[in-house]
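Contents: one structure, followed by commentary.
The values are calculated or read from the model by the stated rules, or taken from the named source; none is laboratory data. From a predicted model like this one, the values you see are computed outputs, not experimental measurements. Cβ: placed from backbone, ideal geometry, glycine included. Neighbour counts: every protein chain shown. Each accessible area value is taken on the protein alone, full model and side chains, heavy atoms only, with ligands, DNA and RNA left out. Shrake-Rupley method; radii C 1.70, N 1.55, O 1.52, S 1.80 Å.
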Amino acid sequence: MYAPLEPHGGRLVYNVVEDRDRAASMSAGLTKVEIEPTYGPDGAPIRNPYREIMTITYGFVSPIEGFMTRNDVDSILRERRYRGWLFPFPLIYDIDEETVKSLGLKEGDSVLLTLKGKPLAVMNIEEIYKLGDRKELADAVFGTPERNGEVVKKRFDEKHPGWLMYRMMRPMALAGKLTLVNPPKFKEPYARFWMPPHVSREYIKSRGWKIVVAHQTRNVPHIGHEMLMKRAMFVAGAERPADAVFVNAIIGAKRPGDYVDEAILEGHEALNKAGYFHANRHVVTMTLWDMRYGNPLESLFHAVIRQNLGVTHHMFGRDHAATGDYYDPYATQYLWTRGLPSYGIEAPPYQVDKGVKVRPVNLGEFAYCPKCGEYTYLGMAYGDYKEPPLCGHPPERVSGSFLRGVIIEGLRPPKVVMRPEVYDVIVKWWKVYGYPYVTDRYLKIKEQELEVEL
Amino acid sequence: MTYKIGLLIDEKRYEAIKNLPFATTLKSMFGGDIRVLEIEVDEETSRRILAEFPAARVDARGFLEDLPVAFKRELFNAVVSTGSVGREAFEKVFAKIDEIKQAAAKEKEYVPPPT
């Protein structure tokens, strides 16, 4: 099983019309529907469906070709399958009832979805349906301690950004196939990291990489992350080290307190620009997606998009794509070693029919050992599984949020915690936004400017 | 359950607490580049702090993190003035919570970058 692996569902979706004349004829005369962001209760934008449209049409979530019907959503919530293929999240185009009525939308129509008033994509409306109680929907998406006790430790609430995203959806939904008719131009710094699946698969081939480990990130890398990436290469190869680490940053709305997207991308890039990774063993790319922070579910989403991007393995660490203490810190490892029967996934995702082909690299945490003078492995524990630590000394754990505290107080992090070149990137974007982390103001600027121009 | 708050101690702060009993409990981290005063926080106090500051959270080590700089600064001042790392210090901080939240609200939008 060498890279690039076959796409999830067997065929890479590429619903992008680059021919301007064809795009114009497809869009001519269609009713326009402006893409509306989802807002939190305080008015901060927490999602823009344009990112899902881009992610769907460029094939990141192949075999999915559009927003989901009610049956698709029910299937996802029942057994995390989209038309038979494993997939964790409902992808819903939510809309107000008044908009449906005022535009006279009906099933069988095609509509032109516009972004900031400009054409973006055509949707062939297969179904228009009511979403019902969105709080129940949000609970069903993420789970509850009662129903999903193997991994859910606390009931989700409005402090969880992914749960809130579904909770705040408008009451109706449009479902149907999407075609991008006006491929947008990415702004800097995003443009140099945009490598959709058909491009990344060619890139991997051109490099001659056979074993490629994906690293999920929503974070500026500290050295604990770097250790995870580097050590994962030696686990993934088995008979030999892997060829490369494929960093794929999630770009979109994030929780206040996360790093700004530009710093995440350039922070990872700094690792190979400054030589901590050889450029032939490391690449930084991005996916447009408003993070759901769904820990094990998000890990399945990550496996799907990175399989479509062409990798063979995916590294999963502690608290994968998590926030707060809603999930067990090793919920993702639970999924990838046992499945999640309470969500309808009876075995690890690469062992079930129509599952993913990407193999997991499950890792616990690394921490600095002052006695060894290097990073050491702490091991992991979940259920009845427990690993001993690698060394016998008390370690110093590198917590991302502790590090954020150091930074915001104006202190340069120690070199054993963060590469100076990475810190310089943080300060570069701090000077641009007046703050190193995501704020409501940053989210509003991001919503206004987006990552693209049409 | 008990959580913790880690207060970073630079030289200036160290001067202010060096004669207090808990000064001997300071932890040196990452090869000695940083010293930290770890303060235990009971569950009720933790809940209140998390409610007052929505961006705050409990990290993988059980520490309350992503707290406003203004809160941490006031907590340090309270620790110095009460000579305590217990409830007295937190009561003093909560007495000024509106003021801290006002400062924190500005801080949520702007903190001067290091030069």
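Can you spot a residue in region A:246-269 that is open to solvent by 40 Å² or more (accessible area, probe 1.4 Å), touching a Phe, Trp or Tyr at 6+ places or on another chain (Cβ under 9 Å) and not in a strand (DSSP E or B)?
no
Return the residues of region B:11-36 that are outside any helix (DSSP H, G or I), within 13 Å of chain A (Cβ to nearest Cβ) and either surrounded by 15 or more Cβ atoms within 10 Å (Cβ to Cβ) or touching a residue at least 24 places away in the same chain (Cβ under 8 Å) (or both); say none if nothing qualifies.
Those that are outside any helix (DSSP H, G or I), within 13 Å of chain A (Cβ to nearest Cβ) and either surrounded by 15 or more Cβ atoms within 10 Å (Cβ to Cβ) or touching a residue at least 24 places away in the same chain (Cβ under 8 Å) (or both): B:Met29, B:Asp33, B:Ile34, B:Arg35, B:Val36.
Could you please give the count of residues in region B:37-46 that are within 12 Å of chain A (Cβ to nearest Cβ) and farther than 27 Å from A:Pro370 by Cα?
Number of matching residues: 1.
Hey, among the residues in region B:59-79 that are touching a residue at least 60 places away in the same chain (Cβ under 8 Å) and aromatic (Phe, Trp, Tyr), which one's farthest from the other protein chains (Cβ to nearest Cβ)?
Selected residue: B:Phe76.
Which of the residues spanning region A:347-378 are surrounded by fewer than 16 Cβ atoms within 10 Å (Cβ to Cβ) and within 14 Å of chain B (Cβ to nearest Cβ)?
A:Lys371, A:Cys372, A:Gly373, A:Glu374
Quick one: B:Gly62 ticks every box in (1) at positive phi; (2) open to solvent by 40 Å² or more (accessible area, probe 1.4 Å) except a single one, so which number is it?
Condition (2) is where B:Gly62 drops out.
I'd like the full set of residues that are within 19 Å of A:Arg359 (Cα to Cα), of a type in the set (Ser, Thr, Tyr) and surrounded by fewer than 19 Cβ atoms within 10 Å (Cβ to Cβ), limited to region A:324-346.
Once the filter is applied, which keeps residues that are within 19 Å of A:Arg359 (Cα to Cα), of a type in the set (Ser, Thr, Tyr) and surrounded by fewer than 19 Cβ atoms within 10 Å (Cβ to Cβ), region A:324-346 yields only A:Thr337.
Taking the condition of being of a type outside the set (A, V, I, L, M), at pLDDT 90 or above and under 14 Å from B:Glu38 (Cβ atoms), how many residues in region B:57-83 meet it?
Of the residues in region B:57-83, 4 are of a type outside the set (A, V, I, L, M), at pLDDT 90 or above and under 14 Å from B:Glu38 (Cβ atoms).
I'd like to know if region A:294-308 contains one or more residues that are open to solvent by 10 Å² or more (accessible area, probe 1.4 Å), over 20 Å from A:Ile56 (Cβ atoms) and not polar (S, T, N, Q). Walk me through it before giving the result.
Narrowing region A:294-308 to residues open to solvent by 10 Å² or more (accessible area, probe 1.4 Å): none.
Scanning region A:294-308, I find no residue that is open to solvent by 10 Å² or more (accessible area, probe 1.4 Å), over 20 Å from A:Ile56 (Cβ atoms) and not polar (S, T, N, Q), so the answer is no.
Is there any pair with a first residue in region A:18-29 that is without any contact (Cβ under 8 Å) to a residue 12 or more places away in the chain and a second that is surrounded by 10 or more Cβ atoms within 10 Å (Cβ to Cβ) and in a helix (DSSP H, G or I) whose Cβ atoms are under 8 Å apart and which are 6 or more apart or on different chains, and what are they?
That search, which allows pairs on different chains as well, returns nothing.
Please specify each residue of region A:393-442 satisfying the condition of being among the aliphatic types (A, V, I, L, M) and more than 7 Å from chain B (Cβ to nearest Cβ).
Hits for region A:393-442 are A:Val398, A:Leu403, A:Ile407, A:Met418, A:Val422, A:Val425, A:Ile426, A:Val432, A:Val438.
Exactly one of (1) at pLDDT 90 or above; (2) under 13 Å from the mean Cα position of the chain (by Cα) is unmet by B:Ala51. Its number?
Single failed check for B:Ala51: (2).
Does A:Tyr293 satisfy the condition of being of a type in the set (Ser, Thr, Tyr), at pLDDT 95 or above, assigned by TED's automatic domain parsing to the domain that holds A:Ser200 and farther than 23 Å from A:Met54 by Cα?
For A:Tyr293, the condition - of a type in the set (Ser, Thr, Tyr), at pLDDT 95 or above, assigned by TED's automatic domain parsing to the domain that holds A:Ser200 and farther than 23 Å from A:Met54 by Cα - is not met.
Being within 11 Å of A:Ser299 (Cβ to Cβ) and in contact (Cβ under 8 Å) with a residue 40 or more places away in the chain is the filter; apply it to region A:314-329 and report the residue that is farthest from the other protein chains (Cβ to nearest Cβ).
A:His314
Test each condition in (1) over 25 Å from A:Ala238 (Cβ atoms); (2) among the charged types (D, E, K, R); (3) touching a Gly at 6+ places or on another chain (Cβ under 9 Å) for A:Asp384 and report the one that comes out false.
(3)
If I filter region B:80-106 down to residues being of a type in the set (S, T, N, Q) and in a helix (DSSP H, G or I), which single residue comes out as nearest to the other protein chains (Cβ to nearest Cβ)? Step through it out loud before you land on a result.
Step one: of region B:80-106, the residues of a type in the set (S, T, N, Q) are B:81-82, B:84, B:102.
Narrowing the set further to residues that are in a helix (DSSP H, G or I) leaves B:81-82, B:102.
Values: B:Ser81: 20, B:Thr82: 22, B:Gln102: 16 Å.
Selected residue: B:Gln102.
Looking at region A:194-242, which of its residues are among the small types (Gly, Ala, Ser), assigned to a helix (DSSP H, G or I), closer than 24 Å to A:Gly294 by Cα and at pLDDT 95 or above?
The one that is among the small types (Gly, Ala, Ser), assigned to a helix (DSSP H, G or I), closer than 24 Å to A:Gly294 by Cα and at pLDDT 95 or above: A:Ala232.
Can you confirm whether B:Glu109 is within 10 Å of chain A (Cβ to nearest Cβ), touching a Gly at 6+ places or on another chain (Cβ under 9 Å) and of a type in the set (Asp, Glu)?
So B:Glu109 passes the test.
Could you please give the count of residues in region A:94-125 that are hydroxyl-bearing (Ser, Thr, Tyr) and either free of Cβ contacts under 8 Å to residues at least 40 places away in the same chain or open to solvent by 60 Å² or more (accessible area, probe 1.4 Å) (or both)?
Here the count works out to 1.
Residues checked against (1) within 29 Å of A:Asn148 (Cβ to Cβ); (2) at pLDDT 95 or above; (3) buried (at least 19 other Cβ atoms within 10 Å of the Cβ):
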position	(1), (2), (3)
A:Met1	no, no, no
A:Thr38	yes, yes, yes
A:Arg51	yes, yes, yes
A:Leu77	yes, yes, no
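With the checklist (1) within 13 Å of chain A (Cβ to nearest Cβ); (2) more than 27 Å from A:Leu378 (Cβ to Cβ); (3) within 13 Å of the chain's Cα centre (by Cα) in hand, flag the one item B:Ala56 doesn't pass.
With (1) within 13 Å of chain A (Cβ to nearest Cβ); (2) more than 27 Å from A:Leu378 (Cβ to Cβ); (3) within 13 Å of the chain's Cα centre (by Cα) applied to B:Ala56, the lone miss is (2).
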